[in-house]
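The values are calculated or read from the model by the stated rules, or taken from the named source; none is laboratory data. No experiment lies behind these values; they were computed from the predicted model shown. Reconstructed Cβ throughout: ideal geometry from the backbone, glycine too, with neighbour counts over all protein chains shown.
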Amino acid sequence: MAEDKNPRISCIVTAYNEGPLARVSIESLLTQSFGDFEILLVDDGASEETRETLHTFKDERILHIRQANDGLSSARNRALNVARGDYVCFLDADDTRPTWAFQTMMAAAKDDVDVVFSPGVLQEVRKETGSFYDQDHFERLITNRMARMVSSGDPKLWVSAMRELACVEPQCANKMVRRGFLEQHKLRFPAGLFFEDMIMHYGLLTNMRSYALTELPTFTYFRRYGRPQITSGTSTTRFDAISTATNALHLFSFSEYFQDVVLRSLVLASAFKLLKWCEESVSHDHAFAYGQAIRALVNGLDPRYLKPLDEHWAEIAYQHAPWVQPALQYVAGRQARN
């Protein structure tokens, strides 16, 4: 890789204890049909087996970064500080990208849009394969001719697109972001918190002025037995979802989009969809404390979040996803108990 020329893409991969699975992930990146990229491979206090796997790769496009275990946010932020690509994307070290991923995302990024959003593939623990959870939102955006937009083009259509994008899964594999945009708005992950993607997701939405979509999926997310996923356990890390949601909702309350009652409700519903799931699956020992923390969060929300939707706006909001109505009812139920 020439020292005087920055790559078009920086792909950040963080590793902890994925072991041999990391090999499949990294190989999926090295076999991309689009070759102008760098891989920032962060060893976040990885296990010996994982570290041995990482260091079998000697490709000049890989930059190895090692740190004491400090969490996913810290590892990603450290890589962001040294990334050189025009665009940045992320991949967990046990997920993969198809060979066309970088080519497809860069084709969508023409005109230097701020963010490229992509659908994905989900492989369940029993090897069933299907679309990722948010496929419907991508299909509606494309069907309604909102696959590429600039905020100054059509303000009403832009808000409609924002409502749909607010329902897209708040994770990082489904995004490629212009690095200059990240630096301009000083966007980073919240160190020390799990469920960190939520804050980045809404940071991107509220600051971007242009975006594009890909129709082809650009990642495969694997659900595996024994995978060290936050969503697979019932530990106290679930409480981080409350802290993350609190911060994300507070930040969104300062957004220019906060006045849109439907978008505001969808952002609230998206956050509480996760919190509702966490409360339903948290261990019995922590259930009471978790419920109390949720009520404290609701008590501290900007009152405009809690203003009931009239029939017209509620009908529009509920059309976006089947989880919107129960998530908003969950908020109302916690409010009623205060």
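What the table shows:
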| read-out | value |
| --- | --- |
| Per-region count, segment 261-288, residues closer than 12 Å to F239 by Cβ and modelled with pLDDT under 95 | 6 |
| Qualifying position, being touching a strand residue (DSSP E or B) at 6+ places or on another chain (Cβ under 6 Å), touching a residue at least 12 places away in the same chain (Cβ under 8 Å) and surrounded by fewer than 19 Cβ atoms within 10 Å (Cβ to Cβ), among S47, S28 | S28 |
| A321 surrounded by 13 or more Cβ atoms within 10 Å (Cβ to Cβ), part of a helix (DSSP H, G or I) and within 25 Å of the chain's Cα centre (by Cα) | no |
| Filter result (small (G, A, S), farther than 21 Å from L268 by Cα and modelled with pLDDT of 95 or more) within segment 116-165 | S118, G120, G130, S131, A147, S151 |
| Condition check for L41: closer than 17 Å to A191 by Cβ and in the same structural domain as R179 (by TED's automatic domain parsing) | no |
| Residue in segment 297-307 that is closer than 30 Å to E139 by Cβ and in the same structural domain as H250 (by TED's automatic domain parsing) present | yes |
| Search result, residues across segment 70-115 that are of a type in the set (D, E, K, R), in a loop (DSSP other than H, G, I, E, B) and farther than 24 Å from F222 by Cβ | D70, R84, D86, K110, D111, D112, D114 |
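Listed here are the residues, each with its yes/no results for (1) of a type in the set (F, W, Y); (2) within 20 Å of the chain's Cα centre (by Cα).
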position: T99; (1), (2): no, no
position: T104; (1), (2): no, yes
position: V115; (1), (2): no, yes
position: L122; (1), (2): no, yes
position: Q135; (1), (2): no, yes
position: F138; (1), (2): yes, yes
position: A147; (1), (2): no, yes
position: S152; (1), (2): no, no
position: K156; (1), (2): no, no
